[in-house]
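Right, one structure below, let's go through it.
The values are calculated or read from the model by the stated rules, or taken from the named source; none is laboratory data. The shown structure was predicted, so the numbers you read here are calculated from the model rather than taken from an experiment. Heads up, the Cβs are rebuilt from the backbone with ideal geometry, glycines too, and the neighbour counts pull from every protein chain shown.
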Amino acid sequence: MTTETLIWLLPLPPLAAFALIVLFTNRSKALSHSIAVAAALLSWLGSMAVFIQAIGVEHLGEHPFHSVLEWLPVGDKPFEIGVLVDPLSAVTLFFVGWTVLMIFIYSVGYHNFGQPAGDHDHPGLPPHGATVHGHTVPSVEPMYSRFFAFIALFAFGMYTLVVSDNLLTLFVGWEIMGLCSYLLIGFWFAKPSARAAAIKAFMTTRVGDVFMLMGVAYLYAATGTLSFREIFFNEEVLKHLAETPALGGFLGFSAAGLIGVLLFIGTIGKSAQWPLHVWLPDAMEGPTPVSAMIHAATMVSAGVYMVIRMFPLLSAGWEEGGPLTPAMTAMAFIGALTALFAATIALAQNDIKRVLAYSTISQLGYMIAALGIGAYVAAAFHLVTHAFFKALLFLGSGSVIHGVEHGVLHTGNHKVDPQDMFNMGGLRKKMPVTFWTFLIGGFALSGFPFVTAGFWSKDEILADAFANNLPVFLVLALSALLTAFYTMRQITLTFLGEPRTKEAAHAQETPWTMTLPLVVLSVFAIGYGWVGIPEGLTGGAIPNWFHEFVAGTLPEHLPVLEFNILPMLFSIVIALTGLGCGYYVYRNVKAGDPDPLQKPLGMVYDWLKNKYYFDQLYDRIFIQPSIWVSEVFTTLWVDRGLIDGILHGVARISYSVGGILRNDFDLPVINQFIGDGSAKVVRSAGFELRKVQTGRIQQYMVAAVVFAVGALAFFLLR
Amino acid sequence: MNDFLEFVKDPVNGIANWIFGLLTGWGMAPDLAGGLLKLVGAGVMCLFGLMLVIVLIWLERKLYARIQDRLGPNRVGWWGILQTFPDMVKIFTKEYITPKGADIVPYNLAPILAVSGVLAVWAVLPLSSTIYGADLNVGVLYIVGVGAIGSLGIILAGWASNNKYALVGAFRAVSQMVSYEVPMVLALLVPVLLARTMGVNSIVHAQSVWFILVAPLAALMFMLTSQAEVGRAPFDLLEAESEIVAGFQVEYSGLKFGMFFVGEFLHAFTISLLTATLFLGGWRGPWAQEWPILGVFYLFLKAAAVYFLVVLMRIALPRFRIDQMLNFNWKVLTPLALVVLMVTALVEKILFDANITLQSAPLGYVLVHLAINALIFAGYLWLALSNQKQREIPVVGKPRPTAVPPKP
Amino acid sequence: MIPLSWYLIFAAALFSIGLFGVLARKNAVAILLGVELMLNAVNVNLVAFWRYRAPNMIAGQAFAIMIFAVAAAEVAVGLSLFISIYRRRKTVVANEIDLMKW
Amino acid sequence: MTLLQFVFLVIAAVTLLSAALVVSSRNLVHAALWLIVSLFGVAVLYALLDAGFLAVVQVVVYIGAIAILFVLVVMLSPVAPKDNRSQVDARWWLPGVLSVLLFGGLVWMLSLWQGFTSEVPPVADANQLLVQLGSELVSPNAYVLPFELASVLLVAAMIGAIWVAWERK
């Protein structure tokens, strides 16, 4: 099997798993998860094989694994779809394969496979626990198989997106993931909040997707192709796009600029950037593996992956060190803003998953901002490392919640929210594996110097920003500080100190299916950074493999940044400071204490706690007016008043005209003369003629033969 | 001397040539002489067949007796070999009874049809490499076709007798004969397939290895189904004495009954001849090619062996019930015959493409076919045994003692 | 030798006899017998034309074989229909089966 | 008159006579039996026309299956009346006239055709004809589709016949 064939086959096992589970194995939980995990394993094996093949090829960027099929005849040439694995897709495949497999395995434990069915469990609600010998134990998810079907479809979407060689199939994968995120966020659909969150996520991302589709359409109209290779490896096309004014000069964008901005809006929706970030925190209503899958490893990464992929287009017309293109400006601005803004909100959240959700938004902002200032490789590097440690953190938080839920089931006090960090504390001893892996993930997120992957990738972004764009650097540095702070806040509140509730005191370590993925992912959360250590630091002793490899994706290789010790020192200081402060502030929080930050921050804390009132703002700006428009303006005024009025008028006129026609024309002329008259004629004729129809077959045959003989005679005697 | 040797090698054609020369020498037109000769030949053949029955009846009675630990006919002639002649005389002198209400023409036609349907088969049977009635290129189909005439005779007999038992016998005959014709034709197609011809003589020529080795299942099925076509035990439902007296022939007497009798015996031997011809290499044997008269000997030897088996079956096996008879045909023989035919065709094609034929590599060819047959049979047995269910026999009433006097 | 005309006249006669049977017989089974005669007449024509006009094209015989199949199917279905009709209406006389009249 | 012509005339006469008896005999069983004779005559004609295969198939299919089916149905089921009433319509003369007219018209029409009296062309090898028929019946370029359709038709007819004649309790 050639590598190209293998790449074609990569997305298929999850799709097959989806079909099999939905169609056949829905009843068997064990079979369903076996199929799903086996499919993930197959795809993982394939991804690793492709990855190993890919790193063995010299100058993969020039000679990627590429295979196309003619798909639809469009105009005078067929539209081609295909698969492409270049360095960027290869590293993406690497982390997608690992995280997807780990999340699949984790899901088995998370949904309590092997536990009895719950006493009062209801499809569409989280399991409430079952009573066995008087003890309450966790119960298995009632819609277990359905979960694996959805998540397998999700994996199919992600693999499709990664291996596709053109924007259209990428968009297909993108939309499949959109659908799956809707299904999975609303997995517990009997919970009103989950329902609302699912709809919110779907609608919000839809806004971005519409713009993205417009961008895709415009790109196709302008170039006649959607294939990455044909656009990016063609200087003329890019140049042409950069120089043509869009829509006849409207808005002053170039075509490339407008397309770039439109595509970037798609990313804003998918990767939850400001101002479309509102859906992501709410999406934590879904099961935790989904949060890890959607909001760390795959879907939000897909948005960043897309803009990294489209970077040559976004940066068309940009010179190294020159003024930024409109799209890049937008990205730099929005990315930096989001990074800081989400980090501040994360400071004041108490829900363990919500903190991580805002942290994700913030980190994605990092990547976008990095891309905005041209730090292509740094963005890709951070994408990969972030995927690993954020998946780790989410899965870890799921493990924590699971452990605390155990305590809740034990005490039976369901008022205690197992996700609130202020209800935890001291879990270090109860859940050692979770603690250590969470610690590794958290340190990677805050950029703990030298050992963690997050340090190297974040440092690379900061170094790039330091060299190219000082304002962005400052914003990102500030958010890095905040990141370290809230991460340590989270770790301290959750794991350190003494248990603040009885439930936390009775927490238990989770089964191996959940801890194994944590361990595996924490290996990458540490080790993956070492492939991208700046050469300047080690004096070239360790080559910066990642930069060399990924930079080869682009036609012109981006130069390695001059090593500068200043930003590195800066980030070390920031990280350590943030971590230290976090520990110091939160080390002694007792049960029932308010957040220590509440007093000093005052009003601001409320702002942060309520996420700057963004939801309320959107409610006022968008939702209330649309409700008003639909309920009052459209329904009452236009529909009932205007349109119904016209219709009633027309109806009255037609009614009277109809009456005249009926009484003076229809009844006398048509009914009596034409209708009844012709019927009478036909009836009497039929009455006479029916005597011919005797029902005796031989008489009919005699008639037929008489006719035949007559015809014969006619032709012979003529 | 040489002429004499030639004559001894092939006396039949020698005599025919002599008569032909005699006739043309008298000034008769050659084609008329040829036609006349054919007519005479046919007559002689029929006569020979009918005479053969005399021996067959004695043979069967003797075998019957020996197997049942009796002596059998032993008074007239040596070992009773002439016993049949007094019987013939007796049957000739019996009164012809025609029942009232019988349909005269079909009633009288039926025994003739029953015998002539059998004799018609002899027209295409090659008794030796040079002695045969007609080398028809659709010989096998012809054999099937004239088989229908025999069953027609039985139906006519049953209906025309105006007797209920006879009619029931006729119904049974039709359901049995028409049903068993299906697997019989399918089994007959196997040698046709192997020899790639429907001519009976060509099939004999093609058997450098006897086809029973290549297609044992087909041979077995042909033997069984042709037994049913003949209507002898265990397939003698159409005359079942204990149920419907004598079935279709209940109203016949005298020579008319004798003709049915002769037809049955002749039919039984004819299918032995057919089995020998189609599956046992016919007249083939050492020097049979050079000495055609030897071929006749070989053929009758093989046919006698088969006939022995046929008689053994008749003696040893009890009669089928009608549902068993139909089930055996439609649920056992027909599917098996279909499978055998299709698999044989497939294997034959594969072997032919691999250039393994009966001529080029006889051993491999035969072994492959044998193995395939064994495989089919084993598979079939396995299927049949695994699907066998213990059927509950419904108890209609209490068992009644047969020989107990009624209570006062 | 035998000219083609003999066969054609024979077939026409057989066909006409069959037609008479179809048109004149009362019993439905007898009508079917007539149909068989007509089909045979057609077959004789087909084979005769094949032999006399185009012996190298096998079409005539092939058509004849198709007609065999059709005839067999027709008889099977026809007779079963008659049996079924007899069960319901106690008659197979064609003129008495006239439910389809006005 | 050659031998063959003589044979033809005899066979044709027997066939037509028995055909006439088929359509006129009062006893339906006799009619069916006469049909067999008639069909046998047709089979002999096939043999005269060098179509030995068809002749044998005629015997197997028509006499062995179709005619026996007729005989069986007539004997078994009550569809045939047992008395000796006339089995033709009262107005049998109209079909009779029609048939005669048709026969006359057909013969006349045929006699106008110049190939009416054509002689039989020689044919190389009767065996070869059989091989040709066999291979063309299963050849994709020739008649395999009609042949298979005919078999499908037969199966359908058989199932239909069983279904129609099934006595539902």
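Structural remarks
- Residues in the range D:105-137 that are in a helix (DSSP H, G or I), within 8 Å of chain C (Cβ to nearest Cβ) and under 21 Å from residue C:7 (Cβ atoms): D:106, D:107, D:110, D:111, D:129, D:133.
- In the range A:114-142, the residues that are touching a strand residue (DSSP E or B) at 6+ places or on another chain (Cβ under 7 Å), modelled with pLDDT under 80 and of a type in the set (A, V, I, L, M, F, W, C): A:117, A:130, A:137
- Identity of the residue in the range C:44-61, facing another protein chain (nearest Cβ under 7 Å) and at pLDDT 85 or above, that ends up nearest to residue C:12 (Cα to Cα): C:44
- Identity of the residue in the range C:1-31, more than 7 Å from chain D (Cβ to nearest Cβ) and among the aromatic types (Phe, Trp, Tyr), that ends up farthest from residue C:47 (Cα to Cα): C:15
- Yes/no for residue A:447 being closer than 30 Å to residue A:308 by Cα, at pLDDT 85 or above and surrounded by 24 or more Cβ atoms within 10 Å (Cβ to Cβ): no
- Test for residue A:670: is it over 30 Å from residue A:278 (Cα atoms) and away from every other protein chain (no Cβ under 14 Å): yes
- Unique match (being part of a loop (DSSP other than H, G, I, E, B) and surrounded by 11 or more Cβ atoms within 10 Å (Cβ to Cβ)) among B:320, B:377: B:320
- Check on residue B:291, surrounded by fewer than 23 Cβ atoms within 10 Å (Cβ to Cβ), on the phi > 0 side of the Ramachandran plot and more than 20 Å from the chain's Cα centre (by Cα): no
- In the range D:47-63, of all residues being without any contact (Cβ under 8 Å) to a residue 12 or more places away in the chain and within 20 Å of residue D:2 (Cα to Cα), the one that is nearest to the other protein chains (Cβ to nearest Cβ) corresponds to D:49.
- Taken over the range D:1-27, the residue count meeting the criterion of being surrounded by 20 or more Cβ atoms within 10 Å (Cβ to Cβ) and either more than 9 Å from chain C (Cβ to nearest Cβ) or touching a Cys at 6+ places or on another chain (Cβ under 6 Å) (or both) is 1.
- Within the range D:28-46, tally of residues that are free of Cβ contacts under 8 Å to residues at least 24 places away in the same chain, at the interface with chain B (Cβ under 10 Å from one of its Cβ atoms) and either within 14 Å of residue C:47 (Cα to Cα) or buried (at least 24 other Cβ atoms within 10 Å of the Cβ) (or both): 1
- A Cβ distance below 9 Å, combined with a sequence gap of six or more or placement on separate chains, defines the contacts here; from the range D:89-112, residues that are buried (at least 19 other Cβ atoms within 10 Å of the Cβ) reach residues that are part of a loop (DSSP other than H, G, I, E, B) in the pairs D:89/C:26; D:95/D:89.
- Helices (runs of 4 or more DSSP H) contained entirely in the range B:1-106, each with at least 1 residues that are within 26 Å of the chain's Cα centre (by Cα): B:11-25, B:30-67, B:84-92
- The helices (runs of 4 or more DSSP H) found wholly in the range A:592-655 and carrying at least 1 residues that are of a type in the set (S, T, N, Q) occupy A:598-601, A:614-618, A:624-628.
- Taken together, the criteria place residue B:248 among residues that are assigned to a helix (DSSP H, G or I), within 20 Å of the chain's Cα centre (by Cα) and crowded, with 22+ Cβ neighbours inside 10 Å.
- Which listed residue is crowded, with 19+ Cβ neighbours inside 10 Å and within 22 Å of residue B:165 (Cβ to Cβ), from B:200, B:230: B:230
- Residue in the range B:127-158 that is surrounded by the fewest Cβ atoms within 10 Å (Cβ to Cβ), counting only those that are in a loop (DSSP other than H, G, I, E, B) and facing another protein chain (nearest Cβ under 9 Å): B:136
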